[in-house]
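Read through the structure below, which is laid out as structure tokens, and then see the notes.
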Amino acid sequence: MKSLYPLLCIVLLASCNGPVQKQAGIDARVDSVLSLMTLEEKIGQLNLPSAGQFTTGAAANSDIAKKIEQGQVGGLFNIKRVAAIREMQQIAVEKSRLGIPLMFGMDVIHGYESVFPIPLGLSCSWDMELIERSARIAATEASADGINWTFSPMLDLSRDPRWGRISEGNGEDTYLSSQIAKAMVRGYQGDDLTANNTIMSCVKHYALYGAAEAGRDYNTTDMSRYRMYNEYFPPYKAAVDAGAGSIMASFNEIDGVPATANKWLLTDVLRKQWGFKGFVVSDYTGVSEMIAHGIGDLQTVSARAVQAGLDMDMVSEGLLTTLKKSVDEKKITEAEITEACRRILKAKFQLGLFDDPYKYCNEERAKAEVFTAANRAEARKAAAESFVLLKNEGNILPIKKAGTIAVIGPLANTRENMTGTWSVAARFSESISLMDGLTKAVGNSAKLVYARGSNLHEDAAIEERATMFGKSLNRDKRSAEDMRTEAVRIARSADIVVVAIGEAAEMSGEASSITNLELPQTQRELLKALLQTGKPVVAVLFTGRPLVLKWENENIPAMLNVWFGGSEAGDAIADVLFGLVNPSGKLTTTFPQNVGQIPLYYAHKNTGRPLSGPWFQKFQSNYIDVSNEPVYPFGFGLSYSTFMYSDVKLDKTTINQSETLTVTIDVTNAGQYDGAEVVQLYVRDWVGSVTRPVKELRGFKKVMIRAGETKTITFQLTKEDLSFYNYDLNWVAEPGEFSVLVGGNSRDVKEAKFTLQ
Ligand code: BGC
């Protein structure tokens, strides 16, 4: 087919108002394109097939090139490399009738080829500049390789570690996740989306996806609007406020209607209340899945989705194949389809694709800007900042580069598993495993000896499900006993044992829900055997979720939680183990004592029968068999130093609605090492028109404090920090008594009270 692209360019140039009135310019240019389009071409723009290089579902799309030529595709994803992307773009621009360029999306979730820690890990850095930089680097690399749209950030609050996708989010806290949301959007989109090194962000999964019942992926959610507005919505809203260009509807239902066709969610809240101006894409087959949800056939659900406010259909091809029929049958109007198409064209203009469809297709840039030494150095730094020191009895850590170090465990020698879930662009074979990192770090100063010690899991079938997507652990055929015997022998020959345990990368992530959060039995047996040798044991824990570590906390002297640190994980772990970096990560999820406590989170309500201590009290809200305490609370994380907190000082005891309260606290580094501390500020609203949580994070500062030094940390609180959505969902700050609680975690805090008038 002869392309009208030259004509399109003339129309577009004529209608462009120039940079002064950029927005008006874009709207006029979108109108001019729309005026050339047939209904079928508009519908085509709403279609987002998967190019099939990586998939997360059974369905795949076929005949993509032909569809692009026929104007039936608006964007593509799951395609990597400039040459492949250019080829598809050429078909769109040169062979389709109107030559409308495609968008190219990818799940660039925590880095591109230079892979940063999984988001849950990165959140434990509490370092917004670092997080923004990680997204900036991801955008630079992805855009250099042809990508202009990322399905990130994932902002699903989750308080259920059974849910595998807790690894992809920022943990359990609303405030922290909202700060991260802004940092990520800024990092991806920068100040100028038309630049060739920025990419459009797609906030996901809107909404409440992390509250799936029983932590089972894709499961139903059901919650009060009060909780949605106060706890689960703010991170998405923060990303929208930061200018995110697109948003992804979640798989789950909300109030009985799947998010993908939920008009209240996609239009009333998102567009009318929050003023979102971008476009909404479904999740992978989210449209056709509504048949199984039970709200109609493909034609019905497709029309309903568009009428609810959905603009783009990922993979289902429900919009592509049924909307014309629905228009003919007057079930939907062309105007409604035009609106959806308008939003997608607008995104393409915002990216500058109409001005230069090949602006991201530059092999030279790809060669020069992807997986560079500088980017990898940033990823290494980020990884070290994400690690959380859970225990360090007798200051076993940091260890010396001397003597013989035994490195044992199923995760010790696996490059493929370092980057964690959602690292589709990673170069697995070039990731730094723990063994790689330690080998480089010790050089000739110490001797390393290695044994695998155990498989990941005693059940081969479970291990297989946890080691997909090229992340095999090459299961060892030996018996568990043989492997343990060898490990014990190796441990006995060493001065110290570093044991790499936990999950494999794909044990968390999508469709990786789990009901048993304890370490697999075979790993526990290995730990027991190693402890019996009497050698000092340091556990390096890989995980994508909070695990149940009650036994480990009671028995292992030192434990460093390293999540999945990314492509440079092994170097970063060595940096921390040998004391080059003092660990400063703080948990952003509560670690429970057992699965039965879930959901366990710090910002809970008091109830009418609160427990007054950790131990059982009859007729109070608690359990017979376990206390209400977690193993590790939200915000917890040790350092090689010890930080001491003074009392909290307030500059006033009463403030009115327009005043600012200044909170100060002195923090002293009483240890031998310089270190960073995350000082956390929580607020409690004692009496409200509705019940309020026992504490809520409202501020934090990560500060570097030299050994022996005292720093005064200051926070300013305003009415905004004391506000919440009331019963009628109005944003209010109610007069009354408040507490300010400051500390190094959510449990150990210093308190001061004030009154809001
Ligand atoms: C996931 C999304 C992802 C999409 C595209 C889906 O299965 O839920 O998070 O962006 O696939 O890969």
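All of the numbers you see were taken from the coordinates with simple rules; none came from a lab. Just so it is clear, the structure is predicted and the values come from calculations on it, not from any experiment. We place every Cβ from the backbone using ideal geometry, glycine too, and count neighbours over all the protein chains shown.
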Which three lengths, in whole Å and largest first, does segment 643-756 cover when its Cα atoms are put on their principal axes?
52, 23, 17
Where the Cα pairs of segment 449-495 fall when distances are cut into 10 Å bins, in %:
26, 43, 25, 5
First measure r as the distance between the Cβ atoms of residue 580 and residue 701, then evaluate 1/(1 + (r/R0)^6) with R0 = 22 Å and state the FRET efficiency to the nearest 0.05.
0.40
Mind giving me the FRET efficiency for residue 84 and residue 28? R0 is 41 Å, r the Cβ-Cβ distance, nearest 0.05 is fine.
0.75
Cα-Cα over 26 Å: which of 80/277; 42/367; 67/324; 528/550; 701/753?
80/277; 42/367
Estimated FRET transfer efficiency (residue 615, residue 729; beta-carbon r; R0 41 Å; 0.05)
0.60
Using each residue's phi in segment 271-283, evaluate 6.51 cos²θ - 1.76 cosθ + 1.60 at θ = phi - 60° and report the 3J(HN,Hα) Karplus result to the nearest Hz, with x for Gly and Pro.
8, 7, 7, 9, x, 5, 10, x, 10, 10, 10, 6, 7
The distance between the Cα centres of segment 422-487 and segment 624-681, in whole Å, is 38
Residues with beta-carbon under 15 Å from that of residue 613, excluding residue 613: net charge, scoring Lys, Arg +1 and Asp, Glu -1?
+2
Quickly work out the residue 472-to-residue 674 label distance, labels modelled 7 Å from Cα along the C-beta direction, and quote it in nm with one decimal.
4.7
For peptides 315-324, 702-711, 27-36, sequence by mean Cβ density within 10 Å, most packed first
315-324, 27-36, 702-711
Viscosity 0.692 mPa s, temperature 37 °C: what is the translational diffusion coefficient of the chain from Stokes-Einstein with a Kirkwood Rh over Cα pairs, rounded to a whole number of µm²/s?
121
Packing-based ranking, highest mean first, of 552-565, 619-632, 115-128 given that Cβ atoms within 10 Å are counted
115-128, 552-565, 619-632
Just going by the charge dipole of the chain, with Lys and Arg at +1 and Asp and Glu at -1 on Cβ, which of 431, 238, 120 is farthest out on the positive end?
431
Where does each of 648-657, 174-183, 745-754 land if you order them by average Cβ count within 10 Å, highest first?
174-183, 745-754, 648-657
Separation in nanometres of the label points that stand 7 Å from Cα toward Cβ, at residue 271 and residue 227:
2.9
Run the quick spin-label model on residue 624 and residue 264: label points 7 Å from Cα toward the beta carbon, then report their separation in nm to one decimal.
3.9
Tell me, what ³J(HN,Hα) does each residue in segment 335-350 have, in order and in whole Hz, if you take phi through Karplus 6.51 cos²θ - 1.76 cosθ + 1.60 with θ = phi - 60° and put x for Gly and Pro?
4, 5, 6, 4, 4, 4, 4, 4, 5, 6, 4, 4, 4, 5, 5, 4
Net charge near residue 112: determine it from the other residues with C-beta under 11 Å of the C-beta of residue 112, scoring Lys and Arg +1 and Asp and Glu -1.
-3
Based on a Kirkwood Rh over C-alpha pairs, give the Stokes-Einstein translational diffusion coefficient of segment 382-597 at 20 °C and viscosity 1.002 mPa s in µm²/s.
126
Can you tally the net charge around residue 446? Count Lys and Arg as +1, Asp and Glu as -1, for every other residue whose Cβ sits under 10 Å from the Cβ of residue 446.
+2
Restricting to Cα pairs below 8 Å that are 6+ residues apart, what does the relative contact order work out to for segment 382-597? Please round to a whole percent.
37
Electrostatic dipole magnitude of segment 643-756 [Cβ: Lys, Arg +1; Asp, Glu -1; Cα centre; debye, to 20]:
180
